[in-house]
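The values are calculated or read from the model by the stated rules, or taken from the named source; none is laboratory data. All values derive from a computational prediction rather than experimental measurement. Note that we place each Cβ from the backbone using ideal geometry, even for glycine, and neighbour counts take in every protein chain shown. Just the protein is used for accessible areas: all its heavy atoms, side chains included, with ligands, DNA and RNA removed. Shrake-Rupley method; radii C 1.70, N 1.55, O 1.52, S 1.80 Å.
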Amino acid sequence: MLEEILAGGFQALGIPLPEGAPALYRAYLTALAAANRDFNLTAIETEEGAARLHILDSAAVLKAADLRGKTVLDVGTGGGLPGLAVAIAEPSAKVTLLDATEKKIRFLEDFSKSAGIGVQCVAARAEELGHDPEYRERFDAVVSRAVARLRVLAELCLPFVKVGGVFLAMKAEDSDEEIAEAENALNTLGARLRDVYEYVIPGTDVTRRVAVVEKLAPTPEKYPRRWAAMQKKPL
Ligand code: SAH
């Protein structure tokens, strides 16, 4: 059942499904459901729902940008989405999973180690790590889903992106206003909207989007600001 949903879904999206991936996705969804009983990682309960709304949705970012061999950071990964799903679908990508909640990162570390998936897991706040020279402007691509409105999310994510790299923000279908209102933030942070990639999650009537933002210039040193300032005076 899960194997069929994944095979059909990846085919519908036009993304190759690596040979070992279905078994890894099965193990991941099992671990996620078990961890979910201890702490909240996902609201989606059924296997089919999780396969479509988490795995297929996450894999769709691979249509918005070519991540082969790229360094990729997932900001606010939660239970590992989209980052872990991307790492399984595109094993050549070097994926780092970032979340402020330590127990979520511990879960991802334990799972990825036991499954033999080579991801790096970091527990930190993005607005602090974004000033760390080891992480600042070090990634070819930054991805993020369901963390903050785009104008705030851009301040959290763009400092990590290399000049010439991309920031891929996964958004709902009705995000026109949110995207338009982020224009000043993108400019201020050295970036601009390149494209909005729209897709339907296979087997559902859910349309989703990836806002593809390209980084053109270094982000000014004072960004990201502290969380309270970002919220109070969004760019
Ligand atoms: N991306 C996942 C989780 C979304 S929930 C998904 O789509 O399912 C938002 C997550 O972002 C939470 O796990 C929260 O801990 C994390 N988060 C929120 N603000 C953050 C910040 N400033 N730095 C790092 N992580 C943050």
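Below, the figures for the structure above:
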read-out	value
Qualifying positions in segment 29-44 - within 20 Å of P202 (Cα to Cα) and in contact (Cβ under 8 Å) with a residue 12 or more places away in the chain	L29, T42
Scope segment 53-64; condition in contact with a strand residue (DSSP E or B) (Cβ under 7 Å, 6 or more places away or on another chain) and either acidic (D, E) or open to solvent by 10 Å² or more (accessible area, probe 1.4 Å) (or both); matching residues	D57, K63, A64
Segment 201-223, subset more than 22 Å from D74 (Cβ to Cβ) and acidic (D, E), residue farthest from the chain's Cα centre (by Cα)	E221
Scope segment 111-133; condition among the basic types (K, R) and more than 12 Å from the ligand (Cβ to nearest atom); matching residues	K113
Checklist (1) more than 9 Å from the ligand (Cβ to nearest atom); (2) open to solvent by 20 Å² or more (accessible area, probe 1.4 Å) applied to L108, failing item	(2)
Enumeration of residues in segment 199-220 that are outside any strand (DSSP E or B) and touching a residue at least 40 places away in the same chain (Cβ under 8 Å)	I201, P202, G203, T204, V206, L216, A217, P218, T219
Any hit, segment 50-64, residues being in contact with a helix residue (DSSP H, G or I) (Cβ under 8 Å, 6 or more places away or on another chain) and under 17 Å from I105 (Cα atoms)	no
Of the criteria (1) touching a Phe, Trp or Tyr at 6+ places or on another chain (Cβ under 6 Å); (2) more than 28 Å from P22 (Cβ to Cβ), which one T71 fails	(2)
Looking only at segment 65-84, and only at residues there that are of a type in the set (G, A, S) and more than 10 Å from the ligand (Cβ to nearest atom), the one that is most open to solvent (accessible area, probe 1.4 Å)	G69
Failed item in (1) closer than 14 Å to V166 by Cβ; (2) away from the ligand (no atom under 16 Å from the Cβ), with P202 passing the rest	(1)
